[in-house]
Amino acid sequence: MRLFWKRLLACIALMLLVAMFGAYTLVRSGWFRERVRTWILTSIHQATGAQAELGSFSFDPNSLTVKTSGLVLHGNEAKEEPPLLSVESATLGLRVLSVLKREFDLDSLHVLRPSVNVILRADGTTNLPKLSERPFTEDLMKLRIGRYDIDDGVFDYAGRSVPFQAHGEGLAVRMALDPRTGFYRGNITATSLRLAQANWMEAISARAAFTLTANRLEINSGELGSGAAQVTFQGSIEDMREPLAKLAIRATLPRGEASRILRTQLCTQAAANFEGTLAVPLLALSQFKLDGKAVLSGLDWEQGRIHIRNGSVDSNLAIDIDGIQATSIVARALDATFRGRASIKSYSALHAEGNLSNLDVHSAGAMFSDRQFPWSGTLAGPVTIDAQKDVEGASVRADLTVTPGASNPIDGHIALSYDPGAGTFDLGSSYLATAASRIDVSGLLGTNMRVALRSTSMEDLQTALDAAGWHETIPLKLRKGAVTANGSILGSLDAPRFRGNISATSATLQNHDFDRFAAEVEASGASVALQRIDAAVGEARASGNLTLNAPFENPGIAGDIVLRSTPAALLAQAAGWSEPISGVVGATLHLEGTLQHPQASGSVDVSSPTFLGEKLDRIRATIRASENLYEASNGEASDGPARVLFSGSYAPAASELRFDTTISGLTL
């Protein structure tokens, strides 16, 4: 008995040695090499229905590595058309599953420069091959690929090329026959799939459980994940010879994930959800349809002076090869709501239309300016937006009504049309009105827009100019008067200018009061040119031309002014003289310097002057004046027959007076 067991163990050891030798011999045999080549070509044909060609082929029995080049798959394309698939080279690492059954699988796969070319013909047919008459499900076995890499690939569909790469680990397919039903049940997993396209790469985990029959693939459950983002799906692929995929999809991108995946600053804090269905004929991919509901929240947008925070969008979506249809859109931002619909035709032309409601004036102003608008009201009305791919800017049309609020109300009507190509705003016939101001506009801002303005509040005007990008402080203050302007805003949006007529009453300019001022004006961000000036302070009158140059807190001045019936005391007060003086002044002056530090030169004629207790009939002189020095030349003072010819200067800071005189006709 003991001898029997010894002989049995010896036989088993001998069989193991024979098996090991057989395995070694098998993998080094020409049969095994040819078996691998045949397995590659047969597996491709049975799985895809395509005819395969294989160029060079080498097999290393020591590492069980297959290297191929010139792999070509032909579908239904004509001879002159490019093949369905061409691969520059592929390296396969094999793993022996069973020496006795002569079965093996893939341990690694590296594909270099694959080119996929799917042709879409005018009649809707493609070059995708029909599947083999023998259902490929009969040949499916369990498959595992330890690591896989696809580099420098190109996918061309209907003439559109998309570069791609794929890398990953842990691809596994498991399938077993269910003896009760005769169906295969299995699952597929990929622990780290990285798809790269157009400088975009994300590591994705994937898993799916499925049931496979002779002519149907039921996806019981599936999941794709990247970071905290997740897509779940389930459905089926019907009719393996004309396969149609129908999937129910649910996608969730938690806050911040949309920005990471889509590489956009529009949604740095956004969250997104989608739930819908996808139908795809796998042999006619262009006929895909994706329908569902999308919800986005936490949208941020900033462009120029426009800032929008924490916006949200809900919409029903219908997506196919022709573009995107969005219906039942509800977009919310700045406490306002937009309801409407949109479409993107051919994925290049956007059209959106709907109604805006409850946009608060404060919120609307905050989009354009850091200065808070002091008025209350809401904007509402229809809005239309159109944009083209690769064309900067979007055309916008709106017809908005401004409904006044309870405190410091503003009301109006804004008929707006923006043309990004021409860079113009057509404001139709629009107006805005507050308790203190009203502005009516019409025409094209950016070429020629008519403006009519009346205001009793410089704060209103300063706020409006600040919102328009003019941040200079207006030096004019109103006492109990009003400002009016009628004219045109000309030029581009980047460099607008105003040409027209302005007037002001009961106002103060740089601490100088006046009763009335009117002029023709041409103004820009750099200068204000005043022509045909007509100004009054009490009995005093002034006329002439004057140019003010930025900065406007203390503008540079240049011009010619004629004074009539001007009290000498008024000029003395403006010059800072404290000594009593009287008389009526007429003058022709040239002005320069700045408004706070002016300089004047010209001729002066004073009637009935009284100064330092002396009263004369008349004084005439040529003068030059600044805040530090007053000079007179060619002067003549008269009192009856007496004449005094004089010249001299006065320095207020030093209280220094110098003069030369010649006296005639004076009776002592």
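The values are calculated or read from the model by the stated rules, or taken from the named source; none is laboratory data. Since we're looking at a predicted model, the values are computed, not measured. FYI the Cβ positions are ideal-geometry reconstructions off the backbone, even for glycines, and counts take in every protein chain you see. Just so you know, the surface numbers come from the protein's heavy atoms only, side chains and all, with ligands and any DNA or RNA stripped out. Shrake-Rupley method; radii C 1.70, N 1.55, O 1.52, S 1.80 Å.
Amide H contacts of TRP577: none lie under 5 Å away among residues 5 or more positions distant or on a separate chain (H built 1.01 Å from N in the peptide plane; Pro and chain starts excluded).
Over 29 Å apart at the Cα level, from the set LYS67/LYS246; LYS79/LYS389; LYS246/LYS345, are LYS67/LYS246; LYS79/LYS389. Placing +1 on each Lys and Arg Cβ and -1 on each Asp and Glu Cβ, with no other charges, gives the stretch 475-610 a dipole about its Cα centre of roughly 340 debye. Would you work out if the stretch 328-393 is rounded, prolate or oblate? Take a ≥ b ≥ c from the square roots of the eigenvalues of the alpha-carbon gyration tensor; rounded if a/c is under 1.5, else prolate when a/b is larger than b/c, oblate otherwise. Note, shape of the stretch 328-393 comes out oblate.
When nucleic acids and ligands are ignored and a 1.4 Å probe is applied, ASP605 ends up with an accessible area of around 40 Å².
Among TRP375, TRP577, the order of accessible area from largest down is TRP577, TRP375, computed with a 1.4 Å probe on protein heavy atoms.
Highest mean packing first, where packing is the average number of other Cβ atoms within 10 Å per residue, the peptides 223-232, 651-660 line up as 223-232, 651-660. Just check the stretch 443-583 against the gyration tensor rule for me: Cα atoms, a ≥ b ≥ c as the square roots of the eigenvalues, rounded for a/c under 1.5, and otherwise prolate or oblate depending on whether a/b exceeds b/c. Judged from the Cα gyration tensor, the stretch 443-583 comes out prolate (a/c at least 1.5, a/b above b/c).
Only aspartates and glutamates eight or more places from LYS480 in sequence, or on another chain, were considered; those with a Cα closer than 13 Å are ASP513, ASP515.
What shape does the stretch 532-601 have by the C-alpha gyration tensor, where a ≥ b ≥ c are the square roots of the eigenvalues, rounded means a/c under 1.5, and otherwise prolate means a/b greater than b/c and oblate the rest? Each step should come with its number before you reach the end.
On the way: a/c = 2.21, a/b = 1.43, b/c = 1.55.
Because a/c hits 1.5 or more and a/b fails to exceed b/c, the stretch 532-601 counts as oblate.
A straight Cα-to-Cα reach below 13 Å connects LYS615 with the aspartates and glutamates ASP639, residues fewer than 8 places away in its own chain not being considered.
Peptides 310-317, 392-399, ordered by how many other C-beta atoms sit within 10 Å of their residues on average, highest first, read 310-317, 392-399.
Cα centroids of the stretch 477-500 and the stretch 336-353: 37 Å apart.
How much accessible area per residue does the stretch 395-494 have, in Å², with a 1.4 Å probe?
Value for the stretch 395-494: 50 Å² per residue.
Computed from the C-beta positions of THR610 and ASN310 and an R0 of 60 Å, the FRET efficiency is 0.25 to the nearest 0.05.
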